[in-house]
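Q: First the structure, which I've put down as structure tokens, then a few questions once you've had a look.
Bear in mind these aren't lab numbers, they're just calculated from the coordinates by the rules spelled out. Remember, it's a predicted structure, so these values are computed and weren't measured experimentally. Neighbour counts run over all protein chains shown; Cβ positions are idealised from the backbone, glycine included.
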Amino acid sequence: MKARTYFTDRFGGVSSAPYNDFNLALHVGDDPQIVIENRKRLAAHLDLDPSRVHYMNQVHGRDISIITSATSQENSPSVDGLFTTDPGVALVVLTADCIPLLLSSDRAVAAVHVGRKGLVAEIALEAIKLFHAHGIQSEEITAVMGASICKDCYEVDQAMYDDVVAKIPESATSREKRSLDLISGLEAQLQRFGIDVNIDRRCTAEDPNLFSYRRDDVTGRQASAVVLT
């Protein structure tokens, strides 16, 4: 089997401002029926029935749910990672500044939501452990990071900066303002397991074609999806 990834931007949906127009999130205040229509469009792009496309209620934790072909969509799990070994099941992570991390091999895939809290909690490493538990070695895993906020745009207070850098030194920056480099921090975590990473370097806060919570406050969410084919 092979894994396929797919990334959306703001375009191709039916949402109105401030969610215009391809918002995939149900929790941001957009009309639920419009979001469902957008999700149907995403499923069509993936060549899947909407019932085969799985989302999560992201909570900035470190828990990961295992999804199968029999998993119901009725209640999305409150987790920050989805994992499957079943073909034809798409896993989706929604973001508007955090890092969407897609992990894949020829036998399993995972979609992981990595924000500041998730980076410190090492949720990516929890996902890797699931691959290992299924007999998949690190050298078999490919990692892709979708677009996220860049180090120049993610300024935090001193206490938060010090806390993250103490645990993830690679997230430090040389700038006078206290900006965190979450991308480098996550890349370093993955490389410690021998996993090379492909990174989309577009900044969500700087690119008007992408949703950004930090830039716009009320806004939609783009999707990053992975599926075994």
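Q: Would you pick out the residues in region 163-185 that are without any contact (Cβ under 8 Å) to a residue 24 or more places away in the chain and either in a loop (DSSP other than H, G, I, E, B) or of a type in the set (Lys, Arg) (or both)? Please lay out each step first, then the result.
A: Taking region 163-185 as the starting set, the residues that turn out to be without any contact (Cβ under 8 Å) to a residue 24 or more places away in the chain are 165-166, 169-170, 172-174, 176-178.
Matches in region 163-185: ALA172, THR173, SER174, GLU176, LYS177, ARG178.
Q: Which number in (1) out of contact with any strand residue (DSSP E or B) (no Cβ under 8 Å at 6 or more places or on another chain); (2) part of a helix (DSSP H, G or I); (3) surrounded by 15 or more Cβ atoms within 10 Å (Cβ to Cβ) marks the one condition that MET160 misses?
A: (3) is the only condition that MET160 fails.
Q: May I pose another question? Looking only at region 73-88, count how many residues are surrounded by fewer than 22 Cβ atoms within 10 Å (Cβ to Cβ) and farther than 29 Å from CYS203 by Cβ. If you could, list the steps in order and put the result at the bottom.
A: Step one: of region 73-88, the residues surrounded by fewer than 22 Cβ atoms within 10 Å (Cβ to Cβ) are 73-79, 85-88.
Within this subset, residues satisfying the condition of being farther than 29 Å from CYS203 by Cβ are 73-75, 77, 85-88.
The number of residues fulfilling the criteria is 8.
Q: All but one of (1) touching a strand residue (DSSP E or B) at 6+ places or on another chain (Cβ under 8 Å); (2) closer than 22 Å to ALA205 by Cα hold for ARG116, so report the exception by its number.
A: For ARG116, the failing item is (1).
Q: Which ones in region 22-40 are surrounded by 16 or more Cβ atoms within 10 Å (Cβ to Cβ) and either under 19 Å from the mean Cα position of the chain (by Cα) or not hydrophobic (A, V, I, L, M, F, W, C) (or both)? Step through it out loud before you land on a result.
A: Of all residues in region 22-40, those surrounded by 16 or more Cβ atoms within 10 Å (Cβ to Cβ) come to 22-26, 28, 30, 34-35, 38-39.
Residues satisfying the conditions are PHE22, ASN23, LEU24, ALA25, LEU26, VAL28, ASP30, VAL35, ASN38, ARG39.
Q: Is it the case that some residue within region 1-18 is within 20 Å of ASP216 (Cβ to Cβ), loosely packed, with under 13 Cβ neighbours inside 10 Å, touching a residue at least 24 places away in the same chain (Cβ under 8 Å) and within 19 Å of the chain's Cα centre (by Cα)? Give the steps one after another, and end with the answer.
A: Filtering region 1-18 for residues within 20 Å of ASP216 (Cβ to Cβ) gives 7-18.
From what's left, loosely packed, with under 13 Cβ neighbours inside 10 Å: 11-12, 16-17.
Within this subset, residues satisfying the condition of being touching a residue at least 24 places away in the same chain (Cβ under 8 Å) are 11-12.
From the residues that got through so far, the ones that are within 19 Å of the chain's Cα centre (by Cα) too are 11.
Yes, that holds for at least one residue.
Q: Could you grab me the full set of residues in region 22-48 that are assigned to a helix (DSSP H, G or I) and of a type in the set (S, T, N, Q)?
A: Selection gives GLN33, ASN38.
Q: When residues of region 93-140 are filtered for being under 10 Å from the mean Cα position of the chain (by Cα) and surrounded by fewer than 21 Cβ atoms within 10 Å (Cβ to Cβ), how many remain?
A: Total meeting the criteria: 1.
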